[in-house]
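Undergrad: Sharing a structure with you now.
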Amino acid sequence: MSKMTPQIRFQGFTDDWEERKLSSGLREYTDRVIVEDDKEYHQISVRNNFGGITLRGSKMGNKIGRKRQAKINLTKYPQTLIFTRQTIEQGGIGWVDKYCDGAIVTENMPTISLDTSVFSKYFLTNLFQTRIFYKNAILDNVEGGSAQIAIHESKVLSSTLLFPNLDEQEKIGKFFKQLDNTIALHQRKLDLLKEQKKGFLQKMFPKNGAKVPELRFSGFADDWEERKLEDAAEIIDGDRGKNYPSGDDFKNSGHTLFLSATNVTKQGFVFKENQYITKLKSELLGNGKVNLNDIILTSRGSIGHIGLYDERINENIPHARINSGMLILRTDKFNSPSFIAQFLKAPLGIKQIKLISFGSAQPQLTKKDIKKFKITLPKIEEQIKIGAFLKQLDHTITLHQRKLNLLKEQKKGFLQKMFVS
């Protein structure tokens, strides 16, 4: 395979790719513009996965300062590329596909026109997301320090990259456009599910002072009872003694997963970055061993994150211990762990966690305060019904998140193999 061709190509294309400067098909306008309606502006972050300087996409428009601005008509500017060179938080590249009657002109928002007889827009859109573009056009042209950076469009446009002929560009661009549409569809589905879950958490648990929730399953009518959390669950902290693991005690694989902040997140349990200790080390520790259906609550740093160690997780990770910044909530037989885990995620639970936490640099929750945490409980039968419903919804959200992550990984792989690096 030639170094002038990618690893994966569509059938019928065999010619080597040619070196061209971006300036051969992209030219800077004199006017510097941004469309006022951010729905008309499509941001592309060029810095998602490559490390180094982070240029995160952000909604522009009304958030941009109003100095030295004027309204102009953009209808005569088809296929316009906005190249931003702002602070780290506002950096990025994006296309304007449609136009409102006027636009906001800012001196920090250079606009670049595309010659569609030279480059395909969707080919370029995805080229902007590759490592080779980042290295040649962005990283090599960064000026300034960490607080304020500048990437001047003239230097970017002078960058040299490899391009196929226009027909192959169009083919590649169409492929990625369809993939992006699929990713966007899955993202919308996931966002909708998360909004539904948020709505259920608001309506299926009583608001502050109320004795019943807005939304209930049929057959349940009794008032809920307010109790202390310690009356429904045992509160257990981890071992902080001389046998607490550190340094060389941690391995990439082993007998017992030693939970860290990366494992218990806002989304629940995440097991991408794991640290293990040996069986012998685990047996030397006292408190902190996780049992089936234990609720894990983070109590230091990123406080209030919840993980339910249910059958599905226990099957894959049969041995686990908490670190010193976590607590175990172990329910009695009269209360549902799924229900209590969901209550802690509901607005009233979140509000109470914020009220009893302390410390600004590193917020903390104490075992003593968590014991006094007020929780409103229905009878066990209703707890089980609510817990099972929300647990199933969480499972559906997790499946959709996995599908979305897989699609994004697939796209990442295609970007590596369908462009010449």
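The values are calculated or read from the model by the stated rules, or taken from the named source; none is laboratory data. Computed from a predicted model, the values in this text were never measured in an experiment. When we count neighbours, we look across all protein chains shown, and the Cβ atoms used for this are built from the backbone with ideal geometry, even at glycine. Protein only, heavy atoms only, side chains kept; ligands, DNA and RNA dropped before computing areas. Shrake-Rupley method; radii C 1.70, N 1.55, O 1.52, S 1.80 Å.
Undergrad: Any residue in segment 188-204 that is surrounded by 15 or more Cβ atoms within 10 Å (Cβ to Cβ) sitting within a Cβ distance under 8 Å of a residue that is basic (Lys, Arg)? List the pairs, counting only those 6 or more apart or interchain.
TA: Partner pairs satisfying both residue conditions: Leu201/Lys345; Met204/Arg216.
Undergrad: Name the single residue that is surrounded by the most Cβ atoms within 10 Å (Cβ to Cβ) among those in segment 287-320 being farther than 19 Å from Lys368 by Cα and in contact with a helix residue (DSSP H, G or I) (Cβ under 6 Å, 6 or more places away or on another chain). Can you show your working first?
TA: Filtering segment 287-320 for residues farther than 19 Å from Lys368 by Cα gives 289-293, 307-320.
Then keep just the ones that are in contact with a helix residue (DSSP H, G or I) (Cβ under 6 Å, 6 or more places away or on another chain); that gives 292-293, 308.
On the way: Leu292: 12, Asn293: 16, Leu308: 22.
Taking the candidates together, the pick is Leu308.
Undergrad: Out of the residues in segment 115-140 that are assigned to a loop (DSSP other than H, G, I, E, B) and β-branched (Val, Ile, Thr), which is most open to solvent (accessible area, probe 1.4 Å)? Before the answer, list the steps.
TA: Narrowing segment 115-140 to residues assigned to a loop (DSSP other than H, G, I, E, B): 115-120, 128-130.
Next, from what is left, pick out any that are β-branched (Val, Ile, Thr): 116, 118, 130.
Values: Thr116: 75, Val118: 28, Thr130: 7 Å².
Only one residue fits best here, namely Thr116.
Undergrad: Considering only segment 325-344, I want to know if a residue exists there that is in a helix (DSSP H, G or I), out of contact with any helix residue (DSSP H, G or I) (no Cβ under 6 Å at 6 or more places or on another chain) and surrounded by fewer than 20 Cβ atoms within 10 Å (Cβ to Cβ). Spell out how you get there, then give the answer.
TA: Our first condition is that a residue be in a helix (DSSP H, G or I); within segment 325-344, this holds for 337-344.
Checking the rest, the ones that are also out of contact with any helix residue (DSSP H, G or I) (no Cβ under 6 Å at 6 or more places or on another chain) come to 337, 340-341, 344.
Filter once more, so that each one left must be surrounded by fewer than 20 Cβ atoms within 10 Å (Cβ to Cβ): none.
No, every residue in segment 325-344 fails to be in a helix (DSSP H, G or I), out of contact with any helix residue (DSSP H, G or I) (no Cβ under 6 Å at 6 or more places or on another chain) and surrounded by fewer than 20 Cβ atoms within 10 Å (Cβ to Cβ).
Undergrad: Would you point out the residue of segment 254-270, among those that are assigned to a loop (DSSP other than H, G, I, E, B) and at pLDDT below 95, that is least open to solvent (accessible area, probe 1.4 Å)? Walk me through it before giving the result.
TA: Quick first cut of segment 254-270, residues assigned to a loop (DSSP other than H, G, I, E, B) only: 254-255, 259-263, 266-267, 270.
In the following step, the residues that additionally are at pLDDT below 95 were identified as 254, 260-262, 266-267, 270.
Details: Gly254: 50, Ser260: 21, Ala261: 72, Thr262: 65, Lys266: 168, Gln267: 138, Val270: 43 Å².
Among them, the one singled out is Ser260.
Undergrad: What pairs come out if I take residues in segment 271-288 that are in contact (Cβ under 8 Å) with a residue 24 or more places away in the chain and pair them with residues that are of a type in the set (A, V, I, L, M, F, W, C) and open to solvent by 40 Å² or more (accessible area, probe 1.4 Å) whose C-beta lies under 8 Å away, six or more apart or interchain?
TA: So the pair list comes out as Gln275/Phe250; Tyr276/Phe250; Ile277/Phe250.
Undergrad: Of these, Lys351, Lys385, Lys367, Lys411, which one is more than 25 Å from Leu259 (Cβ to Cβ) and in contact with a Leu (Cβ under 7 Å, 6 or more places away or on another chain)? Lay out the reasoning, then the answer.
TA: On the way: Lys351 fails: in contact with a Leu (Cβ under 7 Å, 6 or more places away or on another chain); Lys385 fails: in contact with a Leu (Cβ under 7 Å, 6 or more places away or on another chain); Lys367 fails: more than 25 Å from Leu259 (Cβ to Cβ).
One residue alone meets the criteria, Lys411.
Undergrad: May I ask you to list pairs of residues, at least six apart or on different chains, whose Cβ atoms are under 7 Å apart, with the first in segment 299-321 being touching a residue at least 12 places away in the same chain (Cβ under 8 Å) and the second being among the acidic types (Asp, Glu)?
TA: Tyr309/Asp294
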